[in-house]
Amino acid sequence: MSVPRRYALRTLFAVAVTAFTGGALARIAAAEKDGPVTAPRRPDPLAPGGPHAEGTRFDEMYRGRRIQAEPAAAGAVRVRVDGRPLHVMRCADGGWLTPLDHYRSCPTPLAATRAAVDELGAASLSPLAAAHGGHPGGSPRGVRA
């Protein structure tokens, strides 16, 4: 390849990159004239009337176990099964899950707690089940035989 041909191809490439960049920047500038782009606000799912508000406070017997919950700080829910804490987590899809049944997202904390009780069967809940992460001396699933 000769030097003039290489120079011409390099110049053509630079012009193409400049044109593409200019076109992209022009679209951004035009979009900003219409106002800032913001993500749509999602309603608080725990607010009264929200999609998960009905399952955040409960106190009932389910399959011979007492399950209780109450709203906690920052949209979390504090859950207890037979007086022992059960960690309930919020999923990215808006559902809820527990360490005992973490492959299935449930629509409410009540449904997630019931699924955990179903998974427990006759076993008792470990005191470490509420601790997210390590499980020294306990089962990784929070179950005691």
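The values are calculated or read from the model by the stated rules, or taken from the named source; none is laboratory data. It should be emphasised that the depicted structure is a prediction, and the values quoted were computed from it without experimental measurement. Reconstructed Cβ throughout: ideal geometry from the backbone, glycine too, with neighbour counts over all protein chains shown. Side chains are part of the model used for accessible areas, which takes the heavy atoms of the whole protein and leaves out ligands, DNA and RNA. Shrake-Rupley method; radii C 1.70, N 1.55, O 1.52, S 1.80 Å.
In terms of packing, defined here as the mean over residues of other Cβ atoms within 10 angstrom, the peptides 74-87, 95-108 line up highest first as 95-108, 74-87. Modelled label positions at Ala8 and Phe20, each set 7 Å beyond Cα in the direction of Cβ, lie 2.2 nm from each other.
Between Ser124 and Arg66, the distance separating the two model label sites (each 7 Å from Cα on the Cα→Cβ line) works out to 1.5 nm.
Accessible surface comparison of Glu60, Glu119, probe 1.4 Å, protein chains only, largest first: the order is Glu119, Glu60. Near the amide H of Ala72, within less than 5 Å, lie the amide hydrogens of Val77, Arg78, all on another chain or at least 5 residues away, with H placed in the peptide plane.
Applying 1/(1 + (r/R0)^6) with r as the Cβ-Cβ distance of Ala29 and Arg57 and R0 = 35 angstrom yields a FRET efficiency of 0.10.
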